[in-house]
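K.L.:
Sharing a structure below in structure tokens format, with a few things to ask.
The values are calculated or read from the model by the stated rules, or taken from the named source; none is laboratory data. Everything quoted here is computed from the prediction, not taken from an experiment. As a convention, Cβ positions derive from the backbone with ideal geometry for all residues, glycine included, and neighbour counts pool all protein chains shown. Heavy atoms of the whole protein, side chains included, go into the accessibility calculation; ligands, DNA and RNA do not. Shrake-Rupley method; radii C 1.70, N 1.55, O 1.52, S 1.80 Å.
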Protein chains: 4
Amino acid sequence: MFFASDNGGPTHPQILEAVTKANEGYRSGYGADAEMDRVREMIRDVFEAPDAAVYLVATGTVANSLALATLCQPWDTIFCTPLAHIEEDECNAPEFYTGGAKLTLVGEADKMTPEQLRATIKSKGGSVHNPQRGPVSITQVTELGHVYSLAEIEALCSVAKEFDLPVHLDGARFANALVALGCTPAEMTWKAGVDAVSFGGTKNGCMGVEAVIFFDPKHAREFELRRKRAGHLFSKHRYLSAQMLGYLTGDLWLQTARQANDNCDRLAAGMRELPGVEFIAEPQANMIFAKMPRALHQRVFDAGAYYYLMDGDLEGDDPNEPLLGRFVCDWSIGAEGVDQFLAAAKG
Amino acid sequence: MFFASDNGGPTHPQILEAVTKANEGYRSGYGADAEMDRVREMIRDVFEAPDAAVYLVATGTVANSLALATLCQPWDTIFCTPLAHIEEDECNAPEFYTGGAKLTLVGEADKMTPEQLRATIKSKGGSVHNPQRGPVSITQVTELGHVYSLAEIEALCSVAKEFDLPVHLDGARFANALVALGCTPAEMTWKAGVDAVSFGGTKNGCMGVEAVIFFDPKHAREFELRRKRAGHLFSKHRYLSAQMLGYLTGDLWLQTARQANDNCDRLAAGMRELPGVEFIAEPQANMIFAKMPRALHQRVFDAGAYYYLMDGDLEGDDPNEPLLGRFVCDWSIGAEGVDQFLAAAKG
Amino acid sequence: MFFASDNGGPTHPQILEAVTKANEGYRSGYGADAEMDRVREMIRDVFEAPDAAVYLVATGTVANSLALATLCQPWDTIFCTPLAHIEEDECNAPEFYTGGAKLTLVGEADKMTPEQLRATIKSKGGSVHNPQRGPVSITQVTELGHVYSLAEIEALCSVAKEFDLPVHLDGARFANALVALGCTPAEMTWKAGVDAVSFGGTKNGCMGVEAVIFFDPKHAREFELRRKRAGHLFSKHRYLSAQMLGYLTGDLWLQTARQANDNCDRLAAGMRELPGVEFIAEPQANMIFAKMPRALHQRVFDAGAYYYLMDGDLEGDDPNEPLLGRFVCDWSIGAEGVDQFLAAAKG
Amino acid sequence: MFFASDNGGPTHPQILEAVTKANEGYRSGYGADAEMDRVREMIRDVFEAPDAAVYLVATGTVANSLALATLCQPWDTIFCTPLAHIEEDECNAPEFYTGGAKLTLVGEADKMTPEQLRATIKSKGGSVHNPQRGPVSITQVTELGHVYSLAEIEALCSVAKEFDLPVHLDGARFANALVALGCTPAEMTWKAGVDAVSFGGTKNGCMGVEAVIFFDPKHAREFELRRKRAGHLFSKHRYLSAQMLGYLTGDLWLQTARQANDNCDRLAAGMRELPGVEFIAEPQANMIFAKMPRALHQRVFDAGAYYYLMDGDLEGDDPNEPLLGRFVCDWSIGAEGVDQFLAAAKG
């Protein structure tokens, strides 16, 4: 009953096996391993992007930061929502990696609309005094568990292109969104106008690996220098490659994402039937944000559930006061875990 | 009829004379000039702050950036309004100088309220993942020409102190505010809880000089190193000192500010009587933001007036469409300049 | 016969087992895993430093850069040798992480002497115009395979303390040096005057993990913020912890280092008997830098040996021309690998 | 008898007059003043470079730093001598402005040779691990008062071009070198292969102004953004322009430089006849570095001379001990000042 995060569960056995297998013999370091050649080829295939520049790093924060720094000048401002991970949860890593670029917030929610984006871009730039217009960064799955439709992504990219600005997609939960939409990786990215992707592995069954993908390979050399300068180029790179290899082989990545989404659907369905539960965002992938009475939270915590309360705590007089809980599912939870939670909730 | 900015007019003769006078003989460089000793003493007297660390730089942007960088860590976020000069008009200088700190916007106007500030501070910080809580920066006179009352400044500083955060005051138009409030420099700063001030000279009659004042001298050495590292330590520093000396001598700075405010009052009073004029902010110091019909703008431009239109231009079919003009007065305009404008406006 | 680097070989089975074992169940992320609690305790024990602040990162470059950035101001200069990894092989990562600190080179070799260090420190600092004196960074084992004696480390630290400067030790090959000296970790670090250590795991049998240790815990919070801001805080941190746990358990780390050094001794002893071989640095740990005739290099390459030529290549007319080879041993080579190389060399 | 620095003397009256004259009326700010249009035209004429991008800033440190930052990537290393102002006297400003580029020192003196430069460039770059090869920066007049010949500059630029690297010339004393060589500005810069120049005004009679000149205007926009972001774009820019206007009008700049060099020649000639005086560098422009017995230093200090001792002080038992003095002349010293010094020296 661990719903605190999709980074709390174990690595999928197939990925651990790939790592173990890659442990045989000697390799050249720093990305020159044979496993990486295979990974690059597979990702290019998966994305139908034979020229894409493909790199691996170990965390989502640095995937985002290095991708944005490569697309951005230090005097630019990056457009993102106020809930974006790059704004809220990376301790100024984007500012650090870009050399001091700004983040300008679009709208007030986890999703931005094309109209909001256009108006916000227009309000920036102008003269040498102002922050200059820089990349647009969108998150898919969003930080509230929403999924942008293909049409929405296309519309946002289209606005960015009006101003000749590049688009970055923070895909820490890329697979969960893809499965939710039932589209291809190409459709969700370059065909819609996305220029660079943080392609998440860690939250979906890996130990710690993210790919950064640029559809225009002109960014390759700069990214390589930025990664090395940041201490994010692994000497024993094979262990990053092997994770990604295990992740992609046999479409494991889609299977784990589907399991996570299914677990989430089952959980959401069950929660809908509980008295006093209200979703503040309609669950579309593997995350649920639900208001529940304090007493209900107390009951499931007592039964051993583990997740975050976002706006209060169990201490408090009023058992009926609604408190916001965040529930995240990963592949490893299983229907039993969900059912156990629901049983405890029903009391 | 130049109302474009208080940086468009000439330097006050007394200041130019002080520069000319300082040109005699030899001096040690880099701030070790006798003029600077005198300036330091005078500013400490003016602010009733005998221990204050006092420095001169040549632009307002760097005064703000160096002051904030000294009060801030790179992982912090600075709290300011969305209209703040540091947010809108410094091309990411604060981010550059702080090594990548963030700016978090408080409220939606040019002034923040204590409630907005408290709520915004509370929404930041928390864990190592989040931007950490950093300095609060307020602008006095604000970018829309408003003046915070002493009680308002005290209330904002009090909120900052609740969270143990330092307060910076962007006083590019410090003197205009002081004259408007009729208080002492100490009351408007450290007595209210302000820790560091950008004390403007450039907009109020100088060629290009701003003082940075820290009421706690513990910041002195760090500021000196930051200033040198930024190329903002002048070798022939006497010419900065001399400007400030001329500015402070005989309370010239208060006199020029009073003239600017008086010019502005006269202009505002006259504009109130013009048909179709509406102030979007009540003028309180030396700036006016007024909606006026296009035809009225056209008339005064034709007569030689010079100022900025903020939301449109003279091209346009509708002579009655209201367009926002920004009018800034400095000491040099004079009653005649104002009257000339008003006469032209009346047609 | 892989002697290219100690990052080319496999992970030690005990470490991989520790990772596999840590894969069971759920964990809190970001360093709050139970494995990390154990690692912290073990490292404090190993270093006899019960208050030390202990952190894990994945690469040596970032271990060095974050440690130095924490000890350093952006206007400081770091003292190191011209061959230091931080100078030569990190693509300006120290400059990046420190926000623009300088590196000042001491002496002309891989080891610095106290006299060179004192003279170089004296030549820096002085006024606000100069780079200020910052941390001293020494590498143990050096980049040429030398090992500083305890007396040498003490003497260097003593010079640093004369100027009140902190000392960082780049211990990418910490264990190899320790085994070579036969001393305790405390003796080689804080007892000698070292303030912060990059304690290497990657080159000595791990997949990718380094500890950063500050003997004064006052640096803890700043390091944590710097690590997060750099994207080097792992969400599934348990896999870093588990590696270090496997590495430290049963003194595996000393055993693998001893094997590497023994392999190196055996290789050096054999090479000494080959005609035309000359060591440019006396091998003291697990690295050999040897001049050998081109024909000899050709012979062992033909037999499948793999290592780097530092100053030329096999193409060339003169079979007797001496070329510099770098040979690095790790735990996995084994006596057979060495003997196979020597047999091939003998032809 | 002020020989401490060419930044200690007064501003030339013609320049102060130009500033006073520019004080009439209103101007657009931030470089859009009519004076700047004229300055741009004059500098393009002087340099026979009709397309050059020309900007003004107030200090030499920022002229160098912004020029280098524009020519450089953060992962590059800049090649300069160990005595370069950018290395020794700018408190890490180049590292700050470039976002963390390195400085690699060429040779051991104030001038570099083509052979040293080639060897040093070759020793850098190579792979993603190493600092990448960046701009070459030479100082003319050097920090020891030497002047590179045109052939020497051409040879250094030619080496830089072998590696496709840009060349920056720190011309804080540009005019003094030009007068010494008797060549044209074009010959000393772009005709020899220089890409960007810091063209000094401050040390040669101005209050505080330096031009930054890029012969390829492609750098224009980036420079403008970097200057603004650094707080080095002056609102009342006319006062920078006016200084440069006064400086260039009627070739004042060549006249003041000639006076400074003549003063220096006269001083050097006189010093040659003093017993126990030895030049550590042959004076070629307006600076003298001379070893003189302590007693001689004492005598002239007692008589009111003011200059820096570089390697000792007047306290000391041995009156014959040679101490290094640095003597810098500017236009304002005059033959009388020199003769007064020499008379005092003779006792």
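K.L.:
Restricting to the range D:1-24, name every residue that is at the interface with chain B (Cβ under 7 Å from one of its Cβ atoms) and part of a loop (DSSP other than H, G, I, E, B).
P.N.:
D:SER5, D:ASN7, D:GLY8, D:GLY9, D:PRO10, D:THR11, D:ASN23, D:GLU24
K.L.:
Here is a further query. Which numbered condition trips up B:PRO82, out of (1) touching a Lys or Arg at 6+ places or on another chain (Cβ under 6 Å); (2) farther than 23 Å from B:ARG227 by Cβ?
P.N.:
(1)
K.L.:
Further question: Quickly run through the range D:147-183 and pick out the residues that are under 19 Å from D:ASP216 (Cα atoms) and open to solvent by 40 Å² or more (accessible area, probe 1.4 Å).
P.N.:
D:GLU154, D:SER158, D:LYS161, D:GLU162, D:PHE163, D:ASP164
K.L.:
Sticking with this structure for a sec: Evaluate the following for B:GLY107: is it assigned by TED's automatic domain parsing to the domain that holds B:CYS206 and in a strand (DSSP E or B)?
P.N.:
no
K.L.:
Inspect all residues belonging to the range C:25-48 and state whether any of them is facing another protein chain (nearest Cβ under 10 Å) and outside any loop (DSSP other than H, G, I, E, B).
P.N.:
No, the conditions are met nowhere in the range C:25-48.
K.L.:
Quick check on this structure: which one of A:GLY60, A:GLY29, A:GLY100 is within 27 Å of A:HIS146 (Cα to Cα) and not assigned by TED's automatic domain parsing to the domain that holds A:PHE289? Write out each step before concluding.
P.N.:
Values: A:GLY29 fails: within 27 Å of A:HIS146 (Cα to Cα); A:GLY100 fails: within 27 Å of A:HIS146 (Cα to Cα).
It is A:GLY60.
K.L.:
I've got another one for you. For the range A:132-146, indicate whether the set of residues that are within 28 Å of A:PHE327 (Cβ to Cβ), more than 9 Å from every other protein chain (Cβ to nearest Cβ), charged (D, E, K, R) and open to solvent by 10 Å² or more (accessible area, probe 1.4 Å) is non-empty.
P.N.:
Yes.
K.L.:
Another one. Of all residues in the range D:1-25 being more than 19 Å from D:GLU210 (Cα to Cα), touching a strand residue (DSSP E or B) at 6+ places or on another chain (Cβ under 9 Å) and surrounded by 17 or more Cβ atoms within 10 Å (Cβ to Cβ), which is modelled with the lowest pLDDT?
P.N.:
D:MET1
K.L.:
Of all strands (runs of 3 or more DSSP E) completely enclosed by the range C:235-338, which ones contain at least 2 residues that are open to solvent by less than 10 Å² (accessible area, probe 1.4 Å) and either free of Cβ contacts under 8 Å to residues at least 40 places away in the same chain or in contact with a Leu (Cβ under 8 Å, 6 or more places away or on another chain) (or both)?
P.N.:
Counting at least 2 such residues, we get C:287-293, C:322-328.
K.L.:
Further question on the same structure: If I ask for residues that are over 19 Å from D:SER5 (Cα atoms) and at the interface with chain D (Cβ under 9 Å from one of its Cβ atoms), which ones from the range B:228-245 would you list?
P.N.:
Passing the criteria: B:ARG229, B:ALA230.
K.L.:
Which one of these is touching a residue at least 24 places away in the same chain (Cβ under 8 Å) and assigned to a helix (DSSP H, G or I): C:THR142, C:THR120?
P.N.:
Working: C:THR142 fails: assigned to a helix (DSSP H, G or I).
Among C:THR142, C:THR120, only C:THR120 is touching a residue at least 24 places away in the same chain (Cβ under 8 Å) and assigned to a helix (DSSP H, G or I).
K.L.:
Moving on. In the range A:171-215, which residues are more than 21 Å from A:PRO114 (Cβ to Cβ), out of contact with any strand residue (DSSP E or B) (no Cβ under 9 Å at 6 or more places or on another chain) and among the charged types (D, E, K, R)?
P.N.:
Matches in the range A:171-215: none.
K.L.:
Here are some conditions: (1) small (Gly, Ala, Ser); (2) modelled with pLDDT of 95 or more; (3) in a loop (DSSP other than H, G, I, E, B); (4) open to solvent by 20 Å² or more (accessible area, probe 1.4 Å). A:GLY126 meets all but one. Which one does it not meet?
P.N.:
Unmet condition: (2).
K.L.:
Of all residues in the range B:193-225, how many are within 14 Å of chain C (Cβ to nearest Cβ) and either in a strand (DSSP E or B) or in contact with a helix residue (DSSP H, G or I) (Cβ under 7 Å, 6 or more places away or on another chain) (or both)?
P.N.:
3
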